[in-house]
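The structure appears right after this line, and notes come after that.
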Amino acid sequence: MANSVFLEPATNRPELVLRNTMTPRIFVAATRMDDGKTTTSVGLFSALQNRFPRIGFIKPVGQRFVEIEGAKIDEDTVLINDTYHPHTPLKAMSPIAVEPDFTRRYLSGGIAHQLHDRVRSAFDESAWEKDFVIIEGTGHAGVGSVFDLSNATVAKLLKSKVIIVSRAGIGRPIDEISLNLALFQKHGVEVIGAIINKVNPAKMDMLKEYATLGLAKLGLPLLGMIPLHTELYKPTVNQACVQLKGEFLAGAQHKRKRIARIGVGAMSSRNAERLLSPGTLIITPGDREDLIMMVLNDDSKNASRNQLAGMVLTDGILPHESVMELIKQRSIPFISTPADVSSATTTIARMTVKTEVGDRDKIDLIQKLIQEHVQVDRIVELVQQSESDSRLQMTLGM
């Protein structure tokens with residue numbers, strides 16, 4: 001099966017050797033999930049295109065994946081592929097997908113060198129005829145240790161230097177970077193610096209001073225501070241629909257509208273008028289036809305505003321057929337979900353917002369933030385300096 005552990009009797013066959021050791025590469029790691037690895041990778045890819053004509057990408061171990069032509073491909077790989085078209089087979093950019101039973105199967109008889117061989121071979125293919133390669137990690141440095149593919153192990157296998165991304169703060173990011181740094185160092189992997197993400201713009205200068213001092217104690221430079229931008233963390237109506245296991249009744253053509261706030265339609269239609277503001281997603285039981293008609297009437301009077309993000313009808317209840325006909329005539333996104341109001345509201349409020357394929361406005365913003373707030377030239381310099389030092393040592397026989 002594609003992208004799964006293939007078990008075979010143990011052999012004495014040596015592991016495959018990484019053939020491509022020359023192409024510059026950087027491993028984007030993080031102190032925990034959702035700290036900004038994908039944001040950094042997406043932005044770096046664009047920034048590096050201004051310096052190198054051909055950029056490669058690989059996410060060796062993926063935990064969130066989709067099926068494409070029978071293969072399980074990591075979602076971030078699909079995003080990079082559809083955004084930048086690196087002209088590399090998807091299987092090479094996403095060689096291992098951690099399926100629900102992946103760890104159990106590996107512990108029951110997996111062979112480390114098979115996974116290591118697959119990662120090396122995939123990198124060689126992803127780096128073919130490329131001038132620079134971005135390697136995106138999964139979770140913190142130790143994620144994947146249970147099946148012998150921690151981020152630190154993968155970085156060592158691929159002979160890559162590392163950047164660690166952490167979210168904002170003073171004490172916590174330095175503590176967490178220190179913890180992750182220790183594992184990379186244990187594996188003999190060089191960390192060239194850190195990026196602090198999701199920084200309150202009003203505290204940028206203050207945090208930069210203390211982050212620089214704190215990282216200096218670890219022997220690391222601060223390579224960037226990315227300000228928190230609320231637009232990056234607003235879910236789309238489509239993302240909400242997926243999370244709610246719902247379906248569009250109307251307005252699917254506007255599924256990329258962003259949700260700025262959630263409004264619960266638990267009051268009378270007269271009091272609920274305050275929910276009619278730009279970016280609001282109204283959640284209400286499917287039989288609240290008074291609230292539905294309020295939304296439809298407001299839309300007919302102010303069609304040019306197109307202000308609501310959409311409306312979620314809960315409990316698997318649909319309004320009367322006559323109301324359904326009116327809903328289908330409008331462009332407002334209407335979603336039906338089997339969830340109740342409380343669980344639907346909680347689900348959307350707590351959902352992790354990922355960058356989707358085709359999120360052009362969000363991708364443009366990410367590219368701008370990385371270009372303006374990350375020292376891309378310094379990263380390239382540190383990577384190339386490390387490569388030069390390694391070649392010099394090989395030449396001198398060290």
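Can you list the HN-Hα couplings for the range 279-293, worked out from phi with the Karplus curve (6.51, -1.76, 1.60; θ = phi - 60°), rounded to whole Hz and with x for Gly and Pro?
Working through the residues one at a time gives x, 7, 9, 8, 10, 7, x, x, 9, 7, 5, 5, 6, 4, 5 Hz.
Using alpha-carbon pairs under 8 Å, 6+ residues apart, how would you state the relative contact order of the chain in percent?
Rounded, it is 18 percent for the chain.
Between beta-carbons, use under 15 Å as the cut-off and find the net charge around Thr212, counting Lys and Arg +1, Asp and Glu -1.
Local net charge: +2.
Using +1 at the Cβ of each Lys and Arg and -1 at the Cβ of each Asp and Glu in the chain, identify which of Ala168, Val42, Gly214 lies farthest towards the dipole's positive end.
Most positive-ward Cα: Gly214.
Tell me which GluC sites (Glu not before Pro) from the range 61-165 have a DSSP coil assignment and no more than 15 other beta carbons within 10 Å of their own.
Here the GluC sites (Glu not before Pro) that fit, given the DSSP loop and packing criteria, are Glu69, Glu129.
Relative contact order for the range 237-350: what percent, with Cα pairs under 8 Å and sequence separation of 6 or more?
Reported as a whole number, the value is 38 percent.
Filter the trypsin sites (Lys or Arg not before Pro) in the range 286-345 to those in DSSP coil with at most 14 other Cβ atoms within 10 Å of their Cβ, and list the result.
Those satisfying the criteria are Arg305.
Sort out for me the Cα centre separation of the range 315-348 from the range 237-257, rounded to whole Å.
10
Which entry is the computed log10 I(q)/I(0) by the Debye sum over Cα atoms at q = 0.09, 0.12 Å⁻¹ for this structure: (i) -0.54, -0.96; (ii) -0.81, -0.99; (iii) -0.63, -0.98?
Among (i) -0.54, -0.96; (ii) -0.81, -0.99; (iii) -0.63, -0.98, the one calculated here is (iii).
I'd like the FRET efficiency for Tyr233 and Ala182, computed as 1/(1 + (r/R0)^6) with the beta carbon distance as r and R0 of 41 Å, rounded to 0.05.
Calculated transfer efficiency: 0.85.
Enter the angle in degrees (range 0 to 90, nearest 10) between the Cα long axis of helix 171-186 and the first principal axis of the Cα atoms of the chain, meaning the one along which they spread out most.
So the inclination is approximately 40 degrees.
Taking only DSSP H segments of four or more residues, each worth -39500 (n - 2.57), what value at 222 nm results for the chain once the sum is divided by all its residues, to the nearest 500 deg cm²/dmol?
One gets -12000 deg cm²/dmol as the mean residue ellipticity at 222 nm.
If we count other beta carbons within 10 Å of each Cβ, what is the order of Met293, Met206, Met311, fewest first?
Ordered from fewest to most neighbouring Cβ atoms within 10 Å, Met293, Met206, Met311 come out as Met206, Met293, Met311.
Using a Gaussian network model of the chain whose springs link C-alpha atoms within less than 10 Å, name the residue from Leu158, Leu44, Leu276 with the highest mean-square fluctuation.
Leu276
Tell me which residues come under 5 Å, amide H to amide H, from Val264 once H is placed; ignore anything under 5 positions away on its chain.
Ile283
Compute, for the range 237-350, the length of the dipole vector about the Cα centre, with Cβ point charges of +1 (Lys, Arg) and -1 (Asp, Glu) only. Units Debye, rounded to 20.
640
Considering amide H positions built from the backbone, and no H for Pro or chain starts, which residues 5 or more places from Gly56, or on another chain, come under 5 Å of its amide H?
Under 5 Å from the amide H of Gly56 lie the amide H atoms of Asp131, Phe132, Val133, Ile134, each far enough along the sequence or on another chain.
No value in this document is a laboratory result; all are computed from the given coordinates. Computed from a prediction, not measured in an experiment: that's the story for all the values here. Note that each Cβ is placed from the backbone with ideal geometry, even for glycine, and that neighbours are counted across all protein chains shown.
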